[in-house]
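I have placed the structure first, in the form of structure tokens, so that the comments after it can refer back to it.
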């Protein structure tokens with residue numbers, strides 16, 4: 001057999017194994033509320049090629065071989081266990097099994113590694129938590145996609161309603177147009193599933209989820225209990241209100257908590273999942289998910305401070321243009337944002353640097369920041385220039401950040417890329433808060449410069465969902481437990 005023939009046969013074998021993984025992954029998700037991960041990347045509802053590519057990518061980052069041939073036995077072992085709701089990383093299982101010296105079988109090792117999700121430790125499946133979206137723009141629609149995607153088990157977050165402007169009632173074809181915007185996206189592609197519109201009831205049905213569209217001009221107009229909604233989390237995607245007084249207007253009948261998808265002002269907690277979400281008090285009813293840039297810089301900043309110490313820093317964000325800019329030169333309340341977004345680089349302000357103090361109060365370093373909007377529709381990069389408390393090397397910094405991205409509690413927030421030719425569009429759809437570009441990283445003595453890519457739409461929306469899962473009580477534990 002030639003090398004080409006052998007390579008093709010090997011691919012076909014792996015393809016067959018990946019195909020057999022799909023029904024197992026789907027059944028675990030639907031029946032037991034178990035999300036199967038591969039180095040923090042979900043394998044639920046993924047195609048054969050996606051599963052193979054995820055293994056390939058994980059191998060590149062971890063620096064060692066990882067194939068479906070190796071992970072499939074661990075997936076099969078999971079089917080023999082009485083599992084409760086959880087997230088289980090078969091990539092981590094396979095990697096840690098290699099170094100285990102106890103002589104256990106794969107079945108014994110798997111049972112031991114996920115013991116916290118079985119037996120007396122097993123979490124009982126709840127009835128789920130209602131979610132309402134207030135605003136249905138760029139972030140609102142992506143958050144909707146994620147909520148629908150995660151409703152497969154029927155026991156987690158349930159998107160029950162979307163509130164949009166129009167207290168006088170909807171205009172002709174309004175519902176159809178909004179459903180169409182959910183179905184197709186010029187940046188993020190087609191919705192994965194089916195969407196229909198029930199005009200009579202004012203409902204969008206997405207993958208079997210009935211989502212009521214409520215028309216209102218003001219929070220005070222709505223009684224959510226009239227739509228059967230109770231104890232819900234409301235996600236405000238409008239940014240119209242950013243302080244406690246304004247956001248508290250949403251605390252109407254049927255709404256328990258309000259989550260803002262913009263930086264909060266005053267005493268509103270700014271939460272970056274993975275960094276300070278565990279500081280939230282159970283009785284806190286109003287909170288913010290900070291900004292996309294804050295979510296991009298705070299996790300790697302924490303990772304660097306934990307290992308090397310940070311004396312001071314500056315972040316420069318090169319940010320894609322957003323909806324509040326003009327397509328062509330026109331009036332805008334801001335000085336420069338009125339100039340054409342697709343034709344110019346636009347210097348603007350960023351509150352991300354000042355927001356660091358809220359998310360990382362123990363960080364003593366002063367962080368400054370500035371921003372330039374550029375003519376791309378999505379994916380931004382933050383250049384984090386740090387003076388460290390001690391001298392180090394580029395290799396030590398990269399080894400640390402690679403390890404953090406694979407094994408630490410921040411592995412859902414920090415990704416790591418080694419591709420030498422990576423550009424911004426490669427990160428559209430990334431579910432991480434930020435991606436460390438290893439090739440661009442610069443270190444000299446006590447100075448480190450990190451280049452952090454981030455999908456400022458989708459990656460941020462994933463962080464929002466993680467915060468909502470946490471405050472709603474449906475954030476399930478991950479196994480094996482991340483290394484501290």
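The values are calculated or read from the model by the stated rules, or taken from the named source; none is laboratory data. Treat the numbers as computed from the prediction; the structure is a model and nothing was measured. Here Cβ is always computed from backbone atoms with ideal geometry, including for glycine, and neighbour counts include all displayed protein chains.
For the criterion of being in contact with a helix residue (DSSP H, G or I) (Cβ under 7 Å, 6 or more places away or on another chain) and closer than 23 Å to residue 310 by Cβ, residue 365 fails. Out of the residues in the stretch 262-287 that are farther than 22 Å from residue 128 by Cα and touching a residue at least 40 places away in the same chain (Cβ under 8 Å), state the one that is farthest from the chain's Cα centre (by Cα). Selected residue: 269.
Being part of a loop (DSSP other than H, G, I, E, B) and surrounded by 18 or more Cβ atoms within 10 Å (Cβ to Cβ), is that true of even one residue in the stretch 348-356?
Going through the stretch 348-356, the residues part of a loop (DSSP other than H, G, I, E, B) turn out to be 349-351.
Now narrow it down to the ones that are surrounded by 18 or more Cβ atoms within 10 Å (Cβ to Cβ): 350.
Yes, some residue in the stretch 348-356 is part of a loop (DSSP other than H, G, I, E, B) and surrounded by 18 or more Cβ atoms within 10 Å (Cβ to Cβ).
Taking the conditions exactly as written (farther than 24 Å from residue 239 by Cβ and without any contact (Cβ under 8 Å) to a residue 12 or more places away in the chain), does residue 329 satisfy them or not? So residue 329 fails the test.
Taking residue 300 as the residue in question, decide whether it is within 25 Å of residue 394 (Cα to Cα) and modelled with pLDDT of 95 or more. So residue 300 passes the test.
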